[in-house]
1. Among the residues of the range 604-619, how many are open to solvent by 70 Å² or more (accessible area, probe 1.4 Å) and either without any contact (Cβ under 8 Å) to a residue 12 or more places away in the chain or of a type in the set (S, T, N, Q) (or both)?
2. Take the conditions among the small types (G, A, S) and either modelled with pLDDT of 90 or more or assigned to a helix (DSSP H, G or I) (or both) and apply them to A602. Does it pass?
3. Can you name every residue in the range 143-163 that is open to solvent by less than 50 Å² (accessible area, probe 1.4 Å) and hydrophobic (A, V, I, L, M, F, W, C)?
4. Go through the range 500-511 and give me each residue that's under 10 Å from V546 (Cα atoms) and in contact (Cβ under 8 Å) with a residue 24 or more places away in the chain.
5. Of the residues L168, L198, L227, which single one is touching a helix residue (DSSP H, G or I) at 6+ places or on another chain (Cβ under 7 Å) and either in contact (Cβ under 8 Å) with a residue 12 or more places away in the chain or more than 30 Å from L509 (Cβ to Cβ) (or both)?
6. Is the range 271-286 home to any residue that is among the hydrophobic types (A, V, I, L, M, F, W, C), in contact with a Gly (Cβ under 7 Å, 6 or more places away or on another chain) and at negative phi?
7. With a cut-off of at least 2 residues that are of a type in the set (S, T, Y) and loosely packed, with under 15 Cβ neighbours inside 10 Å, name the strands (runs of 3 or more DSSP E) lying wholly within the range 474-592.
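The values are calculated or read from the model by the stated rules, or taken from the named source; none is laboratory data. The model shown is predicted, which means the values in this text are computed figures rather than measured ones. With ideal geometry, Cβ positions are generated from the backbone for all residues, glycine too; neighbour counts draw on all protein chains shown. Heavy atoms of the whole protein, side chains included, go into the accessibility calculation; ligands, DNA and RNA do not. Shrake-Rupley method; radii C 1.70, N 1.55, O 1.52, S 1.80 Å.
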Amino acid sequence: MARSTREPLRARRTSAGQLLVWIMLALLIVGLAGFSITNFGGGVTSIGKVGQRSISTNEYFTTLRAELNAFSAQVGQPVGFAQAQTLGLDRMVLQRLAGEAALDNEADRVGVSAGDERVVRELHGLAAFRNAQGAFDTQVYRLVLDQNGLRPAEFEERLRRDLGRTLLRGAVGNGFGAPAGLVDPIFAFYAERRGYSLLRLTEADLPEPLPEPDEAMLRAHYEEHLLRFTRPEAKTIAYATLLPADVAATIEVAEEDLRRAYQSRIAEFVQPERRLVERLIYPDEAAAQAAMARIEAGEDFETLVADRGLTLVDVDMGDVSRADLGPAGEAVFALAEPGVAGPLPTDLGPALFRMNGVLPAQEITFEEAREALTAEYAADAARRAIADRRETLFDHLAGGATIEELVAEEGLTAGTVDYYPGVAAEIAGYEAFQAAAAGLTEGDYPELIELDDGGLAVIQQTGTLPAAALPFEEVRAEVAEHWRASELSRRLGERAVEIKSEVEAGANLGAYGILDVTPVTDRQGYVEGAPPALMQAVFTMEPGQVRVIEGPDFTAVLRLDSVSPADPSDPGMAALRESLAVQVEAGLAADAMALFTQGLLAEAGIFIDEAALAAVHAQMQ
């Protein structure tokens, strides 16, 4: 009965919704009558000027959209325009375009421009406009521009301006040298190498093992670190699920379907004998024969691979059957143990084959595969059945159905969970549920979500639980674990301080345990499990100095053994210095260009049409 009364309601809502859509569409058309979405209308062609150069509305819109898309890709999720404005993305784009307009204005003033021949040459060199044969194609050119909302004349003018700006930038930024007084200190900093010894401490280094905590100690630790054992504010979420595992249990799989699935995947269940093979191809038979002679004389296969300018990854064929190797299969499979065969013919030329292992034939019978096939078939059928019911559930929700009604009418499984980040029990273990739960608000209508395994869930927040301390009895094991970790860290720290004092008084650090000795390292050195403070200390200490280094699950005594200053005569160090010099030159050129552009902006003057800017932003929402 409930369903029959809800069907007309859905029909009325649909009709009303369609009418509302048409009304909104009509209003939108009227509102945009003088403001084209693609070119912002004839009256809004510029968002501002620098000197005599305008900043095109279309250029600002397309550049801003491209930056927004790139930023969304960088962070791995869609970023709305309002959020982008908060981050200053729009101002960054405006600043960049204003700088380009300033350079264009100056290029006009001094008469710097790119000729038609240069523009055509640059245009034909762009890969985006080439056809399948790699040649510039006018049709491809027009198609790509059309897809990006550009006309050829507009694009070519942009290209001409880009080339003009490049000429101007070259005139300003070229010719900078890297002063030795600037490069040498940077080089000395990065090229310095240091050696050190490290004594890691563990529980075995304590004079006595940790005691077992009694009840009073644990309760005191619990009270002292109560915040750690406090549950944050939680959302009480009611849900109803339709999961593949539940549906699969109700599906009967016919014998003929299982046998058909087995036969369709027979190559997976019945595999012939295979070999692990590497193949090294030569240009001709003589070269291949000479290579085989070197193998027979005792050279290893790796040397031949390296001589061809390849790596073992390049020549690895993986595991192959006799048929996979074609004419070479017989000889390779004749090898009973690892070895090299050849030269043997291939489609690419004569080759040597190294056989590294034998994989025996394998056959999994239908009876042996039955259980796995049944589970897979039922799970796949369950996912399809659930997908078929998605629209039905959506229609019920659109008609005002509650979670309780869905459970009663559609056979969903109901439940509730007190959810907060970190809870992973039951449905809260699904990433899709966690993402949806973060956006739930009490009072919202039930929401249908797709789960990671193909299941469906309807969720609704029904309440909020304030933050509360978890009962000691529930977290006793976690309290004991935390007490032990804290106590161990404290005692190791005390022992490290004792060792440091004794070493400073003349004791040998190696007498306290096995040292990890690093003869030389640079500032990018890394020690697994060590905190960043370790390398920071290595490059601030004096030779012979001793320090205690502590971090999460890490306690050690550090001694600096040596300091090796930069050696400019070392070829590797010379290359490093040259690289740093290039970076300094590029930095100086960039700074000069920034100052030059700022000066042009100040001299030419900048005007921004805030109304036009707001109109563009409205289209970005």
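1. Looking only at the range 604-619, we keep the residues that are open to solvent by 70 Å² or more (accessible area, probe 1.4 Å), and these are 606-607, 610-611.
Subset that is either without any contact (Cβ under 8 Å) to a residue 12 or more places away in the chain or of a type in the set (S, T, N, Q) (or both): 610-611.
So the answer is 2.
2. yes
3. V144, L145, L150, F155, L159, L163
4. Of everything in the range 500-511, those that are under 10 Å from V546 (Cα atoms) and in contact (Cβ under 8 Å) with a residue 24 or more places away in the chain turn out to be K500, V503, E504, L509.
5. Every option except L168 fails the conditions.
6. Checked the range 271-286: at least one residue is among the hydrophobic types (A, V, I, L, M, F, W, C), in contact with a Gly (Cβ under 7 Å, 6 or more places away or on another chain) and at negative phi.
7. In the range 474-592, 554-564 are the strands (runs of 3 or more DSSP E) which contain 2 or more residues that are of a type in the set (S, T, Y) and loosely packed, with under 15 Cβ neighbours inside 10 Å.
For every residue, the table says whether it meets (1) open to solvent by less than 70 Å² (accessible area, probe 1.4 Å); (2) among the polar types (S, T, N, Q).
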{"residue": "T250", "(1), (2)": "no, yes"}
{"residue": "R259", "(1), (2)": "no, no"}
{"residue": "L276", "(1), (2)": "yes, no"}
{"residue": "P283", "(1), (2)": "no, no"}
{"residue": "M292", "(1), (2)": "yes, no"}
{"residue": "A297", "(1), (2)": "no, no"}
{"residue": "T303", "(1), (2)": "yes, yes"}
{"residue": "A306", "(1), (2)": "yes, no"}
